[in-house]
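Quick one: this structure, given as structure tokens, is what I'll be asking you about.
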Amino acid sequence: MSASEVTAAVERTNTLAAEPVARAAPPAQPAMPDHPAPAPAAGLASPTSILLGSLGFGILFLLAWQFLPPALGVPSYIIPTVTDLAREFGRMVQRENLMVHVVSTVTIASAGFVIGSLLGAALGYVLGMSVFIEKVLSPYILGLQIAPKVAFAPLFIMWLGYNAWPKLVVTILVVFFPILVNVLQSMKTVDRDLINLARAYSMSRMQIFWKIEVPASMPALMAGLRIGATLAVIGVTVGELVGGNTGLGYLITFGEGQANTAMVFNAIVLLTLVGIVLYAVVAAIEARVLHYIPRAMR
Amino acid sequence: MLKTASVLELIGVTKRFTAPDGVSALTAIERVSLEVRAGEFVAVVGPSGCGKSTILNLVAGLDRPSEGRILLNSIPVEGPNPTVGFMLQKDLLLPWRKIVHNVEFGLEARAISRAERRERALRELQRCRLQDFAESYPYQLSGGMRQRAALARTLAIEPAIVLLDEPFSALDAQTKLILQKSFARTIASSAITTLLITHDLMEAVIMSDRILVMSERPGQIIEEIPVDLPDRDDPMARISAARAREYVDHLLASLHLQEKAA
């Protein structure tokens, strides 16, 4: 999938979401058509009409949300209307220190994402350089990869206390593996002929690493970062749900305790927005890093 | 032909590979002896799997012979050697580098300044008529241009010998002709010593001074054919010469291709 397409799609959803209640499309879905930007094929609508279509659908969806549940007699503590959500949002900003929670979640998600990515990529490269270590560790890596990382959250709380650390550690752990696996896989599949070419030019092992293997792994690393960006939000949310008294995940449990459905909805929407922004940043970085890959092939 | 110094010599070279089971061995080439003299263009033809590419890996120093000796300018080949340039069917351009930086690639293991490296790369691009594409990325070039860029990268290290392993076989018929001519011109004008490995009999005839015919595995050299045709720098002129056809017929007979097709 083209990175810039995703960026565009994310930007589109962002404009849609001027009203924070707007339903944001999950960005990781590969439902986006894989066509290069100008799609001359018959039967495909122009970009403008697609944009108008998306906007129209969003407005229709919000209208349905606003008017359908009351019309069907669903009480607002089950499904609050869009205006209920907006009112609650205003109250959360004024009374619940919403911005503090948002900043906390964004900070931990970003920090966990960056640290987890660095650690995952670093170990991926180390294991990729050493077949022996890779073979020794591979069953354990596979096991840890399969283990549900978020289930470790209560453990980290017991170990580290009710503060930011357990949330950060869960996020790091969740982000770590997909990036490790992607980098390792790409290191194993670097074109042998390219390595031989470098060897024939008398390049050292480190030169081969920096000049061939690292750049060749960039597409896989970027794909791992995309996955990591969405997982980071899940990691931080679980951390906040389980322990602590800050963050959007905490607001979900807090809202639940007060039977404040609107607060839960608002927190979910904000978490989604955080994920979209993180993903868009990664997509923008990817578009810069992988500029040498023609659009249609990406 | 005037006897000049030999650049490359293989003396009774045998290469055996151990099968994955670790016991049985596969003999890729057996007692191969050949010689390439300075400025000469030698082609090696043979059936697929006859060990042509094994020869290339041995000469490039990427692999060691099981028996025999390989001499480059009378010095035994012990490992990767900066005086050998090789080119494969794949252009092996690094997609993340501009063409000029791809051409510089082979020079980066050497102690020369960045400025000199660039200067040499630009000179090679000029020689391969790609100077206008120095700042392009590989994906922006056609298949034929990419192979020319790969030749520029190969020549930039100023190799004593250039090994070409089926460099044109991934190209369409017309691009192939144009590229053969382009390569022949560049190679002849700089008197570059070349060993071409190919399965294309006509290509061997129209590009080389001498053809070595290899047998099926284990590969051995079964015939040596000097190509006594003019215009080595212009394969397009040779291809229309009636005698080129005779050489190809001769090669067809040596390789028993008619019998195999029957």
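For chain B, state what percent of all Cα-Cα pairs lands in each successive 10 Å bin, counting from 0 Å until the bin that includes the largest distance.
Whole-percent P(r) values from 0 Å outward: 7, 29, 35, 22, 6, 0.
What share of the DSSP beta bridges in chain B is antiparallel, in percent to the nearest 5?
55 percent
So what's the gap between the Cα centers of the stretch A:157-203 and the stretch A:59-124, to the nearest angstrom?
The two parts, judged by their Cα centres, are 30 Å apart.
Would you list, by chain and number, the lysines whose Cα falls below 19 Å from the Cα of residue A:188, excluding same-chain residues fewer than 8 positions away?
Counting by Cα, and skipping residues close in sequence, residue A:188 has these lysines nearby: A:135, A:211.
Here's another thing I want to ask about it. Taking neighbour counts of Cβ atoms within 10 Å as a proxy for exposure, in what order, fewest first, do B:233, B:165 appear?
By the 10 Å Cβ count, ascending: B:233, B:165.
Could you compute the net charge surrounding residue B:33? Neighbours are other residues with a C-beta less than 15 Å from the C-beta of residue B:33; K and R count +1, D and E count -1.
-1
Express the relative contact order of the stretch A:98-297 as a whole percentage, based on alpha carbon pairs under 8 Å and six or more residues apart in sequence.
For the stretch A:98-297, the relative contact order is 28 percent.
Under 21 Å Cα-Cα from residue B:176, which lysines qualify once same-chain neighbours fewer than 8 residues away are excluded?
The qualifying lysines are B:52, B:90.
With 10 angstrom as the radius, rank A:165, A:65 by how many other C-beta atoms surround their C-beta, starting from the fewest.
Going from least to most buried by this count: A:165, A:65.
Report the semi-axes of the equivalent ellipsoid for the stretch B:93-158 in whole Å, largest first, where each axis is √(5λ) for an eigenvalue λ of the Cα gyration tensor.
18, 11, 10
When all alpha-carbon pairs of the protein assembly as shown are counted, what percent fall beyond 37 Å?
Considering the protein assembly as shown, 50 percent of its Cα-Cα pairs are separated by more than 37 Å.
Using Cβ counts within 10 Å as a stand-in for footprinting exposure, how do A:254, A:156 rank, fewest first?
Going from sparsest to densest Cβ surroundings: A:254, A:156.
Now for a separate question. Could you grab the relative contact order for the stretch B:93-158? Cα pairs under 8 Å, six or more apart, rounded to a whole percent.
Normalised by residue count, the contact order of the stretch B:93-158 is 49 percent.
Where a Cα-Cα gap under 16 Å defines reach, which lysines qualify for residue A:149, not counting those fewer than 8 residues away within the same chain?
Answer for residue A:149, where 16 Å is the Cα cut-off: A:167, listed by chain and number.
Rule-based calculations on the coordinates, nothing more; no lab input. Owing to the predicted nature of the structure, the values given are computational and were not obtained by experimental measurement. With ideal geometry, Cβ positions are generated from the backbone for all residues, glycine too; neighbour counts draw on all protein chains shown.
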